Each structure stands twice: as structure tokens, then as C-alpha cells.
Amino acid sequence: MREGSEIPVDVLAAHVGGQVIGDGSILIQRVAGLESARKGAITYVEDEKFFEAASQTKASCVLVPEGADVKAPCRLEVKKPKLAFALIAEILHPPKKPVPEIHSSSVIAADAKIGKDVLIGAFVCIGENSSVGDGTQIRAGAKIGDNVSVGRDCIIHPNVFLEDGVTIGDRVILHAGVVIGADGFGYVRDEHSHHKFPQIGTVVIEDDVELGANTCVDRGALGRTRIGRGTKIDNLVHVGHNCDIGERVVIAAQTGISGSVTIEDDCVIGGQVGFGDHIRVQSGAVIGSKAGILPGKIVRPGVWWGIPIQPLDEYKRLNAHIQRLPQVREEVKELRQRVKELESVLLENRKT
Amino acid sequence: MREGSEIPVDVLAAHVGGQVIGDGSILIQRVAGLESARKGAITYVEDEKFFEAASQTKASCVLVPEGADVKAPCRLEVKKPKLAFALIAEILHPPKKPVPEIHSSSVIAADAKIGKDVLIGAFVCIGENSSVGDGTQIRAGAKIGDNVSVGRDCIIHPNVFLEDGVTIGDRVILHAGVVIGADGFGYVRDEHSHHKFPQIGTVVIEDDVELGANTCVDRGALGRTRIGRGTKIDNLVHVGHNCDIGERVVIAAQTGISGSVTIEDDCVIGGQVGFGDHIRVQSGAVIGSKAGILPGKIVRPGVWWGIPIQPLDEYKRLNAHIQRLPQVREEVKELRQRVKELESVLLENRKT
Amino acid sequence: MREGSEIPVDVLAAHVGGQVIGDGSILIQRVAGLESARKGAITYVEDEKFFEAASQTKASCVLVPEGADVKAPCRLEVKKPKLAFALIAEILHPPKKPVPEIHSSSVIAADAKIGKDVLIGAFVCIGENSSVGDGTQIRAGAKIGDNVSVGRDCIIHPNVFLEDGVTIGDRVILHAGVVIGADGFGYVRDEHSHHKFPQIGTVVIEDDVELGANTCVDRGALGRTRIGRGTKIDNLVHVGHNCDIGERVVIAAQTGISGSVTIEDDCVIGGQVGFGDHIRVQSGAVIGSKAGILPGKIVRPGVWWGIPIQPLDEYKRLNAHIQRLPQVREEVKELRQRVKELESVLLENRKT
């Protein structure tokens, strides 16, 4: 089912619960964008403003919303075209599944437990008492410490590092350069220097999590740092010690999360957001890119923006007020002039 | 003395200069947080609002401030409980000290000088004329260039890269993915393209420095980049060419420091702070997270905040003014109305 | 021509089109800064305020602007001293050119095409059907996937990862820890979970690009991500899927670029800037550090600043207005008092 296999539109329609309008026997080999699609490709359109472009596409089939006015000869009507497109791509372009192999250069502790159909690439290390579940790929150069548990069907990309004691669930994807379980950033100062606050906890990454390239998740100081099931985190994100990130959370690139922050299920966090420590973000909150949140805050459901964060509506209103500042200043100036004139008139009146 | 050793409370008390209230012969095996602590653990409390919780802890001993009203049966009174806790953790949980070994897969130049009791992990490279001090660990996959000096008792974590000519002091900890000595970011433009400004200086990391995962410290363009003794830097921080970071400075995650910035001793820098080039931060300054500092600024001692930075008090005052903007606008509107009425009354008066 | 070779000032003058004032036969071995320069070094001065220092330098020769009042005994007058200094440094300090070698520990696919005079370091992997051009260095621990093309005279530093299908031009420099071609960050949500939007495109890095340490460039979702010829990007930058970065663009450290952003030729982007998706930055725009740009914006030529961005002049003007807010508030307060007095006077008048 790797790219190159051919699947009839009818079969794809059954997979995504859609209705074919046109020739359901047409064979589809790949997904493609509206403009670059050619014969053999399926594409999708969701936004009405692209219906005209979708009518002109050279794709063999177009996923369209139910009843959409798109004129392509072969259409597949579904409730959510983009979702159906993603589901079809999972079939047409499954993740590369290399032949299982334990590369002769890898260094694996004698007591490590390696599952079935595992790929262990060149220059991989796996430490004592660690385990790797069935079907998992540990790609070239990844380093796994002692007492680490990696679940089934994971992809651990090149040069990832998993420190001692870390637990990784099933179907987890860790992109290249990810570091999990490094010491958290905590010190206690005396008169002369900084003493390391103990960083002896661990990290738990639950099932179906994906972490972007060069992202870092520190171990708990005393307890654990957790990334909940189905959460997706982008590149170059920092997750501090003892954070508890819930399920199905989405966090965009370069966001930084200080120690002991809780982000509940289903939150959406933009890029370059900064969290002070001990914040709790309640389920359903959405935090805009570049926002900053003060330590200890509780962030309620809703859309938040700015430094420090405020509800998006208030942020916009205040921003509009700021934009109008020059005008306010003009008005005040004018008022001063008018009041001055009133005062002089009254003064004159009194004299008379 | 690895985890699992048992130390009587009396011995710990002597180590941190505290007074035991209760049974000093109780054996302690590990540190733990107030809530998760069980038999065999020592915990601590510093803030009065947790005294009640500390009275209920299941820990075998609690570090408490002198004279604190905590009712746990075994208490250890000290001036600074958190500091004492860190000092005790250093004893109960010393850093893992693996058996010294030079892994057979490592590639070490013939003229490299390797000290005693050194660990060199799998897939490590050490270049020509480089040296590694006694007791240092170079973990799997770390790459060390030519003419690099690494001191004693350092921990160089997996996949760190030290470029040619870099100097690392004693007891330095470099977390996974750290890159030291890459070229600084400097170009001179002519009509057609950017020419690299020479990046031929070096980097000096002094004793007792700790750098977080995936942090980058560029080499000096012509001179050197320096990180002073005892300075602690978090994950994903960027330190540009020719920066001079003093001693005991603390820098939180994702902060970016442009070229030729000087940060004097004992400064504290938050996360995601941005420094323009050629800034000087004077000793004792504290810069809040997400602050931005314009090139060439001198930052005096005190607490600074915002973009561009201002003293925290002024920042708060201005922020309060901004929050009141809608009200000011209402007041101006109301004043306009009242002045208008005054004007019409006066006009009428004149007519009469 | 590595450091240590000696070149007469006359030869350097011919190379950069300058005029020697003094003894053109003096031999130069290296470049250096004004203050640290000693015998055998050439230095430069461009800014008049350093002319006095340049007159005192111990360098054997100083590059100076034409007609500059600098009194050093050997001067080389040029139009642009800093540019000439960079060009001379290219000769005196060429990049290290190690002896070509394919390290015995490297793992290279049987069908990979390796050019002439290539260095392949220890623990390097090169996948199936990939190619490496003449004169290129793939340093220790770099990992190259399948179907990757790397051009001529590139330097791929340690622990870089190039994912399957990526194309790298000629003379490209990728600093340590760079990740190119990881999956972009795109998901489609259904009621239960996030489904990966297909991330099956590629990345094209054109000639003469330089990417800083630990920078990440994601592959296109369906099309490609492109970094144009001669563009220079600093450390820890994130470039999202399907971005199209033009030629000779400069991007400073820790900037984050969301998916499908276009940055046209010759733009200059500061550090820690954040781009929403689908932005177009027109050729010649300059965006200040820490700026934030909303999704879908078109950024015209000129200098931009702030969150959200505005022209630098407006930003400064508004910032000045904000600084004056306390004064405005005082003025309004005073006006209220004066209007109140006017009203009471009028009221009294009426009564009488």
C-alpha cells in the first residue's frame, strides 16, 4: 500500500463514507494539492472560494463538500473533505516501513528487551534494562539510556536522545534531535553559588504523541513530566520539569513552558508562547501565538492573546484604543483650548 | 552513596547544620515532594501555607524553617530548608557515575590526551590534540573536534558537539544536543551576495557551568565567546558570537543573545528574552521573561520588563494606564459633551 | 593558504582593489580586531569614532576608508573596509579542508553516488540512491536518508539530519544539529483525535545557503519547502512546511516561520520574529526582532516593528504616545476640574 499502489475511487469512498459522482472505477495512486494534481491523484476542496479552481483541476478525483458546486468530472462528496483527504493519505502514503533489522553497529545492552519486527538503525545505543516494543523503529544515531521503555509501532528519528528511566507509549513519533529527560532547570542559591535542586523524577510520553524536531522535554524534579495521549507538539518547543500536558493538546513551534505548568485536555497553544511556572490552562482554552502568561495564573476556556494574556476581544478592543491614542491626544488638546476660551469669556463676563 | 544507601537523620543534620526534633536515628534513603513522600524519604517545607500539609506528610523526616509550627514527628530545623534539601539530595542522589570505559567503537585521535577514570561512550569522536580531564564522561554520540580542551569531572551528554578549539572547564554539564563553537552569524554584503565575516575566534566555558539541551553557543568572530564560572543556562538558548556572560548568571529557556553582548556577574535573565547586539547588562540586573532589549543599551541593576525594557514599576504603571484607556476615552467624550453645552449656554447668554 | 601562510600587503591590495599607503611588502598572516591585532595581522576601521584607536593599533596593516585620517604606518585604502576585511579573511583563513576520506565506520548504501575529494566522517549514514557532490564534507555523525542529493563543496556539520528526498545545492553550510525534512505540523481533527495531514512533500535548499545550529526546516505537506540561493539563517530557527524563502534573505536566531509563508528576495528578518501562516513578505522588507505578524498578511517593503507589526515610524510614534499616557490622564483630570468650575459659575450666573 506504499505510494504506487492503485485504489479505485469506490474503495476510497467506502473508506471515508462518501458518495461518488462520476466513474468510481478510476484508479488513484496519490494525494496532491489542487493545482499540482495530475492524472492518478486525488485532491480536495473545502472553501467555496476555491470551487472554481477545483472545477479546473487535473486530478482524477476531487473530494468536495456535500452538494458543492464543483464541476470536476469525478467527485467524491463527503462531510469534511480535508479530514477525508487526510484519511485517504494514510492509506495511499503510509509511513515508510523499512525491513526490520538490528544494525550490526548498534550497541544494545544484553538485558534489553527488543520486540518483534523492530528496526534498530546504525549507531543506535540502547541501555540496560530498556525495552522496545514490536514494530518500533529506532533510527540511526538515536541514543536510549537505561531503564527506558519504548512502546509499539513508534518512530524514533535519528539523533533523538531518551535519558534513563523515560517511558514512551505506543505509536509515538519523536522527530530528529528530540531530547527527553534532561535535567530540569532548578537551582537553590547560597551566598557563593547555585546548587542543583534534585532533578531525579522522570518523563512519561503517552500513546500517539508526536514531538517536533529538536524539542526538549525535561524530567520531573521529584515527580514526573507528562505529555498526554494524542498530543501534538511542533519543533523547538521547551517543556519544563513537572509539566502535566493533557490529551489531544496542540502546541506550535518554539513555545516555552516553565516548570510545573498544567495544560488540560484539548487546549490549543500557538507558537512562541511563553508560560511562567505553576500555570493551569483549563480544558478548551486557546492561546494565541507569542502570548505571555504570568506564573501561577489560571487560564479559563476561551481565546487568549497578548502579554500578559487577556481575552481576545479585550485585547482587540484595547489595541484599537491604543491605535486611537494620537486622536485622543488631539481631542484633549482641542478641549483644553475650548475650555480656556470658555474661561476667558466667563472672566470677561464677570468683569462686565 | 547512590540511591538506596541509608543515612541517619543525625548525619544529614550535621551535613546541613540543622537541629533534629524527633528520632535522629531514623534512616533516610531518598528525597521526595511533600505529597508523594513515603517512609524512608526526607521532604521539606519553606512556605507557611504548606505547614499544614507538612504536618500530614508520610515522609520519615521534614526539613522546616527554624521554629516553624509543623507537627510531623521527625523534623530537621534549618535556616533555609530548600537549600538544605538540595544539599541532602546531592548526597542521597549523586549523579550516576558509570564505570570508566573507553568504548571500542569510539574514534579518538592518536595524540588526544585522555585522563584517568574517563568514560567515553559509543560512537564518540575526539579530534587531534584534544584533551579530556580525569573523571569526565563523554557520553554516546558526542563529537569533539580538534584542539578542544575538556576539564575534569564534566558530563558531556549524548550528541553534544564541541567545535575545534573550544575550551571547557571543570565540572561542566552540557546536556544533549548542545552545540558549542559553530560559526557566529555575521556577513558583509556587496551588490551581489553576503560574504562571511570571519568567524575564527573561540569559546571558553568556565568551571561549573551547566547548559541545557539543544542550546547553542557560537564562537567569537575574532575574539572569544565566554560563559563565566557557575553560570546556568536552560534549554534552547542562543548565545551569539563574542558574548561575555559573567559568573553565576542564570538564563532561562529560549532566550536569544545577539553578538557582543556582555552580561555581568549574578544577573538573572528570564525565558524568551531577546537581546540586540552590544548590550551591557550590569551586575545584579534581573530581566523578566519575554523582554526585548534594543542594541547598545546599558541595563542597570534592578528589575526590568517589557519590549523595549523599562523598570518593572514603570511597566506596571503604564500597563495600568493602558488598561484604563477605554475609561479615559469615555471621560474625554463626556467632557466634549459638557464643553459643548457650556459653549451653547454662553452663546445663548451673549445673544440675550 | 590555511592560517600561517604569508601574503604581502600589495597582493591583498590587488585582491580587494585598494591602494597601499606604506610598505606593501609587509607580510600578513591573519586578520584580527583593532585592539587585539599584533604584528602579522591586518585589521580594519570603518567608523570615524574608531580612527584614533586605529592610529594606535599594533596591526601590521589597517584597512581604512579612502582618505581617512588614520595615522597607522601601513594602511590599505578601500571603498568598504569591512567588506575588504571579509574578502581578505576568506584568503587568509579559508575553511578547514580536511584530507578527503571515507571513514571506515560510515554506513553508505551500495547505490549511493559519492563524488571526488569527499570527506565522510565517522558514524555517518548515507541512504539508498543518495548522492554527495565533489569536495563536500559530511562530518561525523551526520545522517542522510534515501534519495537525498547534496551538491558540491558543502559542509554538513556533525549530527545534521537530512530526511529522505531532500535536495541540497552547492556550497551549502549546515551547522551541527540542523534537521531538514522532518514532517510539517499539520493535523485534521475529528471528534476523537488528530489525524496527520499528509506531509509527503520535500525540501530544496539552494546554493550558498547557510543554516545555523539546531535550525529546523520542515518538508512540504504536498509541495516543497524552499530556501533560496545565498540565504543565511541563524541558530534555532523554525521554517514550517511549504515556506518559500527567496534569495539573499537574512534571518536571525530563533525566528519562527509558520507554514506556507513566502519571504521574497533580499528581505532582512530579525531574531525571535513570529510569522503566522500564509504571509507574504515583499522583497526589500525589513522586520525588526521580536515582531509578530498575523496570518495572511502582505508585508510591503519598508521597516516593520512590533506585535502586530506596523511601520517603524508609526510604532515609535505610538510608543511615544503610550509613554505620555500618565500625562494625558493628568490633563483630562485637570480639564474635568476646570469644566466643573465653569459649570458651577454658569449655574450661579443663571441663578442670579
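The values are calculated or read from the model by the stated rules, or taken from the named source; none is laboratory data. Computed from a predicted structure; not experimentally measured. Neighbour counts are summed over all protein chains in view; Cβ atoms, including those assigned to glycine, are modelled from backbone coordinates with ideal geometry.
If you take the residues of the stretch A:28-44 that are closer than 17 Å to A:PRO65 by Cβ and of a type in the set (A, V, I, L, M, F, W, C), which of them is surrounded by the most Cβ atoms within 10 Å (Cβ to Cβ)? Show your work before the answer.
Initially, the stretch A:28-44 is screened for residues closer than 17 Å to A:PRO65 by Cβ, giving A:34, A:42-44.
Among the residues that remain, those that are also of a type in the set (A, V, I, L, M, F, W, C) are: A:34, A:42.
On the way: A:LEU34: 17, A:ILE42: 26.
Checked the stretch A:28-44; the qualifying residue surrounded by the most Cβ atoms within 10 Å (Cβ to Cβ) is A:ILE42.
Could you check the stretch B:164-202 and list, in sequence order, the residues that are of a type in the set (D, E, K, R), within 29 Å of C:CYS267 (Cβ to Cβ) and at the interface with chain C (Cβ under 9 Å from one of its Cβ atoms)? Let's see the steps before the verdict.
Looking only at the stretch B:164-202, we keep the residues that are of a type in the set (D, E, K, R), and these are B:164, B:170-171, B:183, B:189-191, B:196.
Going one step further and asking which of them are within 29 Å of C:CYS267 (Cβ to Cβ), we end up with B:183, B:189-191, B:196.
Result: B:ASP183, B:ARG189, B:ASP190, B:LYS196.
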task = Within the stretch C:105-115, identify whether any single residue is under 30 Å from A:ALA122 (Cβ atoms), touching a strand residue (DSSP E or B) at 6+ places or on another chain (Cβ under 8 Å), of a type in the set (A, V, I, L, M, F, W, C) and touching a residue at least 24 places away in the same chain (Cβ under 8 Å), and answer yes or no.
result = yes
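Select, from C:VAL70, C:VAL124, C:VAL118, the only residue that is in contact with a helix residue (DSSP H, G or I) (Cβ under 7 Å, 6 or more places away or on another chain) and either surrounded by 14 or more Cβ atoms within 10 Å (Cβ to Cβ) or in contact (Cβ under 8 Å) with a residue 60 or more places away in the chain (or both).
Sole residue among the options that is in contact with a helix residue (DSSP H, G or I) (Cβ under 7 Å, 6 or more places away or on another chain) and either surrounded by 14 or more Cβ atoms within 10 Å (Cβ to Cβ) or in contact (Cβ under 8 Å) with a residue 60 or more places away in the chain (or both): C:VAL70.
Would you confirm whether or not the stretch B:316-326 contains a residue that is away from chain C (no Cβ under 11 Å), touching a residue at least 24 places away in the same chain (Cβ under 8 Å) and not in a loop (DSSP other than H, G, I, E, B)? Talk me through it step by step, then tell me what you get.
Residues of the stretch B:316-326 that are away from chain C (no Cβ under 11 Å), as a first pass: B:316, B:326.
Filter again for touching a residue at least 24 places away in the same chain (Cβ under 8 Å), leaving none.
Checked against the condition, which is being away from chain C (no Cβ under 11 Å), touching a residue at least 24 places away in the same chain (Cβ under 8 Å) and not in a loop (DSSP other than H, G, I, E, B), the stretch B:316-326 yields no hits at all.
Would you say A:ALA252 is of a type outside the set (Lys, Arg), touching a strand residue (DSSP E or B) at 6+ places or on another chain (Cβ under 7 Å) and at pLDDT 95 or above? Steps first, answer last, please.
On the way: of a type outside the set (Lys, Arg): yes; touching a strand residue (DSSP E or B) at 6+ places or on another chain (Cβ under 7 Å): yes; at pLDDT 95 or above: yes.
Here the answer is yes, as A:ALA252 does meet what is asked.
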key: Residue under evaluation B:VAL132, criteria (1) of a type in the set (A, V, I, L, M, F, W, C); (2) buried (at least 24 other Cβ atoms within 10 Å of the Cβ); (3) within 23 Å of the chain's Cα centre (by Cα), criterion not met   = (3)
Filter result for the condition that a residue is facing chain A (nearest Cβ under 9 Å) and either in contact (Cβ under 8 Å) with a residue 60 or more places away in the chain or of a type in the set (A, V, I, L, M, F, W, C) (or both), over C:LEU347, C:LEU342 = C:LEU342
key: Residues located in the stretch A:45-57, provided they are closer than 19 Å to C:PHE197 by Cα and surrounded by fewer than 15 Cβ atoms within 10 Å (Cβ to Cβ)   = A:ASP47
remark   = Matching residues in the stretch C:231-259 (farther than 13 Å from A:ASN235 by Cβ, small (Gly, Ala, Ser) and either buried (at least 24 other Cβ atoms within 10 Å of the Cβ) or within 11 Å of chain A (Cβ to nearest Cβ) (or both)) number 2
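Name every residue in the stretch C:221-230 that is more than 9 Å from chain A (Cβ to nearest Cβ) and hydrophobic (A, V, I, L, M, F, W, C), in order of residue number. Please lay out each step first, then the result.
In the first step, residues of the stretch C:221-230 are kept if they are more than 9 Å from chain A (Cβ to nearest Cβ); the result is C:224-230.
Once the filter is applied, which keeps residues that are more than 9 Å from chain A (Cβ to nearest Cβ) and hydrophobic (A, V, I, L, M, F, W, C), the stretch C:221-230 yields only C:ILE227.
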task = Select, from C:GLY121, C:GLY135, the only residue that is at pLDDT 95 or above and within 13 Å of another protein chain (Cβ to nearest Cβ).
result = C:GLY121
task = Could you please give the count of residues in the stretch B:299-311 that are more than 9 Å from chain C (Cβ to nearest Cβ) and surrounded by fewer than 16 Cβ atoms within 10 Å (Cβ to Cβ)?
result = 5
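Just checking, how many residues over the stretch A:263-286 are out of contact with any Ser or Thr (no Cβ under 8 Å at 6 or more places or on another chain) and closer than 23 Å to B:VAL237 by Cα?
Looking only at that region, the number is 0.
I need the full set of residues from the stretch C:138-150 which are in a strand (DSSP E or B) and buried (at least 24 other Cβ atoms within 10 Å of the Cβ), in order please.
Filtering the stretch C:138-150 for residues in a strand (DSSP E or B) gives C:138, C:143-144, C:149-150.
Those that are in a strand (DSSP E or B) and buried (at least 24 other Cβ atoms within 10 Å of the Cβ): C:ILE138, C:LYS143, C:ILE144, C:VAL150.
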Identity of the residue in the stretch A:65-96, charged (D, E, K, R) and within 13 Å of chain C (Cβ to nearest Cβ), that ends up nearest to A:GLY33 (Cα to Cα) = A:LYS82
inquiry  = Against the conditions (1) charged (D, E, K, R); (2) at the interface with another protein chain (Cβ under 10 Å from one of its Cβ atoms); (3) out of contact with any Phe, Trp or Tyr (no Cβ under 9 Å at 6 or more places or on another chain), where does A:ASP218 fall short? Just the number, please.
reply    = (3)
Restricting the stretch B:6-22 to residues that are out of contact with any Pro (no Cβ under 7 Å at 6 or more places or on another chain) and in a loop (DSSP other than H, G, I, E, B), the residue that is surrounded by the fewest Cβ atoms within 10 Å (Cβ to Cβ) = B:GLY17
Single residue of the stretch C:23-52 satisfying the filter (touching a Pro at 6+ places or on another chain (Cβ under 8 Å) and of a type in the set (A, V, I, L, M, F, W, C)) that is nearest to the other protein chains (Cβ to nearest Cβ) = C:VAL31
Condition broken by B:ILE102, with the remaining ones in (1) of a type in the set (A, V, I, L, M); (2) under 30 Å from C:PRO158 (Cβ atoms); (3) in contact with a helix residue (DSSP H, G or I) (Cβ under 7 Å, 6 or more places away or on another chain) satisfied = (3)
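Taking A:GLU264 as the residue in question, decide whether it is among the acidic types (Asp, Glu) and closer than 23 Å to C:GLN323 by Cβ.
Values: among the acidic types (Asp, Glu): yes; closer than 23 Å to C:GLN323 by Cβ: no.
Considered against the rule, which asks whether it is among the acidic types (Asp, Glu) and closer than 23 Å to C:GLN323 by Cβ, A:GLU264 comes out as no.
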ask   = Within the stretch B:1-35, how many residues turn out to be modelled with pLDDT of 95 or more, within 22 Å of A:HIS195 (Cβ to Cβ) and polar (S, T, N, Q)?
value = 2
note = The lone condition B:PRO65 fails out of (1) in contact (Cβ under 8 Å) with a residue 60 or more places away in the chain; (2) surrounded by 15 or more Cβ atoms within 10 Å (Cβ to Cβ) is (1)
